[in-house]
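Structure record follows, encoded as structure tokens.
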Amino acid sequence: MAYYFLYPEKDTTIYSHPSRQNLNTGVNETLELTTEKGINDELYYPSRILLQFKNTELNDVFSTQVTGDFEANLKLYATEFAQNFPTSQTVELYPLSESWDNGNQRYNENPTNNSIISNGCSWLYKDNETTKTSWGTLTPGTTGSNTPISGGIWYTGSEFKSTQTLGIVNDLDLNFNVTNQIQKFSSSLFTSQEYPTGLSNNGFILLRENDTDNNTTNQGSLKYFSVDTNTIFSPALTVKWDDSSYITGSGATLLNSGKIQLNISNNKKYYRNEEEYTFRVNVRKQFPTRTFTTSSNYLDVNYLKHTSYYSIEDYTSKEVIVPFDTSYTKLSADSEGMFFKLNMNGLQPERYYKILLRHDCNDGVILYDDYCYFKVIR
């Protein structure tokens, strides 16, 4: 599978508002970048988002799946329209330089108001309100690091930074290219070595551009689904690479124009989530030329051009999970015909998916929908 999805091991929001600085939200269904007005003053206090992916899963993908160059993107799905949103603003992403505890509390469990001891990270502490380990200790060997008194600690500089600018009329989903950051993780195979031999994987921090502990303007609120959501819109790290190969049999028949029928010839309908499966694409003319032979022309092996692609769509939500990507979802070819591989471990289980096909040929861009569905099960 040239698209592989990883979901966070943990994520949380930390708040700088004086009444929520020791609040843990480790199991909230949402994450947010917000600015809250202070009490009896004109200051606005921001929040920041932390999230991290498992070392073992990252290591497995890069040691057993990825071949050659890759691209990695981190996507967060907005839960609603922005509130009190300015004309535009920029969200920044950096790799965290220290470890942190997720905790298992929610926004409405406020330690200040309810006398609940925070059991995970907050604006003040990277672990909990009992141990009280503050953010801000420099990591040995780093080339540069932000050192706030609180609110997280991260690597700075253009080599560590990804940004996305949002406008009020834009799609508010966040989609960061984190290839550069992941390469720094993978250079050490996710061990505890430090940059430049490799960063420790402590996850990422998301914050607004020019974020300070308090602001004089209201930048509105952006809310996103967390890994604890009950929807399919969990944050996801998408790793993409080209796994295609195009080697046809001798004397291959290439269909590049005219009426062509495509269908998946070996769909099992149900797949275990640890399974990798090769889907075979049957290619034939819709109206074969009449010939006088002793064998059926339906047994002939035909091929599409290498400019042919697959896409995966969630059946219920119609969300495009794997788009037609001209770099990373090419169909492959061998002596048996056209095919593509799909690793079910990257798809969410207990959901139905739909396969779509595309052929860029002499007649233009042709889409094929054979109503081919399958389900990933545990």
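Here Lys341 is the anchor, and the aspartates and glutamates within straight C-alpha reach of less than 16 Å, apart from those fewer than 8 places off in the same chain, are Asp242, Asp243, Glu274, Glu275, Glu276, Glu313, Asp325. Counting only DSSP beta bridges with both residues in segment 231-353, what percent are antiparallel, rounded to the nearest 5? Bridges in segment 231-353 that DSSP calls antiparallel: roughly 85 percent. Within a straight-line Cα-Cα reach of under 19 Å, Lys126 can be paired with the following lysines, leaving aside sequence neighbours fewer than 8 residues apart in one chain: Lys10, Lys54. Run through segment 17-60 and list the trypsin sites (Lys or Arg not before Pro) located in a DSSP loop whose Cβ has at most 16 other Cβ atoms within 10 Å. Here the sparse-neighbourhood loop sites are Lys54.
Charge tally for Leu23 (other residues, Cβ to Cβ under 13 Å; Lys, Arg +1; Asp, Glu -1): -1. Tell me the net charge near Ala236. Cut-off is 15 Å between Cβ atoms, Ala236 excluded, with +1 for each Lys or Arg and -1 for each Asp or Glu. That works out to -3. In this structure, the residue pairs whose Cα-Cα separation is over 32 Å, taken from Lys223/Lys318; Lys37/Lys184; Lys132/Lys223, are Lys37/Lys184. Taking Lys and Arg as +1 and Asp and Glu as -1, the other residues whose beta-carbon sits under 11 Å from that of Asn119 total -4.
Only the coordinates and a few stated rules stand behind these numbers; no lab work does. The structure displayed is predicted, hence computed values, not measured ones. All Cβ positions, glycine included, derive from the backbone under ideal geometry; neighbour counts span all protein chains shown.
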